[in-house]
Amino acid sequence: ALKMSRPEAEECLLEDAAPSTAGDDDRSHDFRYIRRMAREEARQVRRRVKRVLLFEQLNNFVLSSQAVPVAVGFVFGACLKNNVDAFVSSFVAPSIAAIGSLQHLRDMHFTVNNSIFPVGVFVESIFESAITILALFYLIVVPMSMFTSLKYVPLRTCEECASWVKETAKRCPSCGQPTNFRPATAALRT
């Protein structure tokens with residue numbers, strides 16, 4: 001490709017704007033050349049911008065790393081935490097406050113030398129955190145572990161070193177001896 005600096009391209013454009021003694025074919029050829037040079041300049045600018053902004057590396061990071069699942073999990077966790085916080089402040093905290101004959105758990109406090117220590121806010125935060133952890137565990141971790149447990153491979157003990165070895169392993173990873181295990185499904189058939 002022909003390389004032309006920007007001032008040269010502008011000069012050619014100005015020259016082409018002047019009336020030409022040659023035929024119309026030369027003028028259209030000059031405009032095509034300038035248009036081609038402008039496109040080439042635009043391509044080079046786009047390449048420089050991509051190099052500076054690291055678009056390819058950003059694209060690889062977002063698509064090939066765990067950034068998207070982590071972001072989805074973060075948003076899902078934030079939504080679940082909002083629901084748990086509402087549940088605790090609506091049902092759990094008033095129930096505990098009713099035991100202490102308070103209107104709300106946040107009202108619980110003690111005073112030392114005219115300084116008020118709002119213990120209820122802290123206790124409510126502990127309840128919110130505990131219930132959030134329990135909800136995440138029972139609503140996300142347990143169901144996901146059920147799906148991944150389908151890939152579970154039974155373990156057996158090695159006859160040589162007594163370490164745990166997957167049933168499908170050919171050799172023990174600890175001592176290197178051949179395992180010679182019969183699969184559990186084959187043992188059930190006989």
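Bear in mind these aren't lab numbers, they're just calculated from the coordinates by the rules spelled out. Everything quoted here is computed from the prediction, not taken from an experiment. No Cβ is skipped: glycine too gets one built from the backbone with ideal geometry, and neighbour counts run over all protein chains shown.
Starting from one equal scatterer on each C-alpha and no solvent at all, send me the Debye-based log10 I(q)/I(0) for segment 68-127 at q = 0.21, 0.23, 0.31 Å⁻¹, two decimals.
-0.79, -0.87, -1.16
P(r) for segment 36-158, please, calculated from all Cα pair distances in 5 Å bins and given in %.
2, 8, 10, 10, 10, 9, 8, 8, 7, 7, 7, 6, 4, 2, 2, 1, 0
Tell me the net charge near L54. Cut-off is 15 Å between Cβ atoms, L54 excluded, with +1 for each Lys or Arg and -1 for each Asp or Glu.
Local charge sum for L54: +4.
Using Cα-Cα distances under 8 Å and only pairs 6 or more residues apart, what relative contact order does segment 77-187 have, in percent?
15
Once fully extended, how much extra length lies between N59 and S95, figured as 0.36 nm per residue of separation less the alpha-carbon to alpha-carbon distance?
In short, 7.9 nm is gained.
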